[in-house]
Amino acid sequence: QVQLVESGGGLVQAGGSLRLSCAASGIIFSINRMGWYRQAPGKQRELVALINSGGSTIYAASVKGRFTISRDNAKNTVYLQMNSLKPEDTAVYYCNIVSANKDYWGQGTQVTVSS
């Protein structure tokens, strides 16, 4: 049974930093893609950042230059370093992995940025 456990969310002032982690367990096949999405109240879930097995990354325009996604393949863990946080970054952040053409999601972690 695949399980994704997220950690690192919380409350931070604007301009501050947080680091999210997502550890996957129960994975049998190699992980192709790992990523982070977020959903603010009343809005649709949106892509924040992706990283593929080769280390190539994609970022949403709104976070480019402020957020950095990375992965530790040995630990099946993906990270999201978030710097220069803004109130509009407030959302529930979900990690996502794709393995053997299947999508898996974490339970979500709340990030709240106060102005």
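The values are calculated or read from the model by the stated rules, or taken from the named source; none is laboratory data. All figures in this text were calculated on a predicted structure; none of them were measured in a lab. Because the Cβ atoms are built from the backbone with ideal geometry, glycine has one as well, and the counts that use them run over all protein chains shown. Ligands, DNA and RNA are stripped out before the accessible areas are found, and what is left, the full protein with its side chains, is counted by its heavy atoms. Shrake-Rupley method; radii C 1.70, N 1.55, O 1.52, S 1.80 Å.
Results, tabulated for the structure shown:
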item: Placed amide H near residue 10: partners under 5 Å, 5+ positions off or other chain; result: 111, 112
item: Candidates per trypsin sites (Lys or Arg not before Pro) in the stretch 1-109, loop by DSSP, up to 14 other Cβ within 10 Å; result: 43, 64
item: Accessible solvent surface per residue of the chain, calculated while the other protein chains remain in place, 1.4 angstrom probe, Å²; result: 54
item: Inter-site label distance for residue 17 and residue 44 at 7 Å from Cα along Cβ, in nm; result: 3.3
item: Dipole moment magnitude, nearest 20 debye, the stretch 13-104 about Cα centre, only Lys, Arg, Asp, Glu C-beta charged; result: 40
item: Dimensionless Rg ratio for the stretch 46-115, taking C-alpha atoms and the 2.2 N^0.38 Å reference; result: 1.15
item: Sparsely packed chymotrypsin sites (Phe, Trp or Tyr not before Pro) within the stretch 1-84, loop by DSSP, other Cβ within 10 Å at most 16; result: 29
item: Partners for residue 64 among aspartates and glutamates (Cα-Cα distance below 20 Å; same-chain residues under 8 apart left out); result: 46, 88, 89
item: Equivalent ellipsoid semi-axes - Cα gyration tensor, the stretch 1-94, angstrom; result: 23, 14, 13
item: Amide H partners (placed H, <5 Å) of residue 48, local residues excluded; result: 36, 37, 38
item: Among 52, 76, 101: highest mean-square fluctuation, GNM of the chain, C-alpha pairs under 10 Å; result: 101
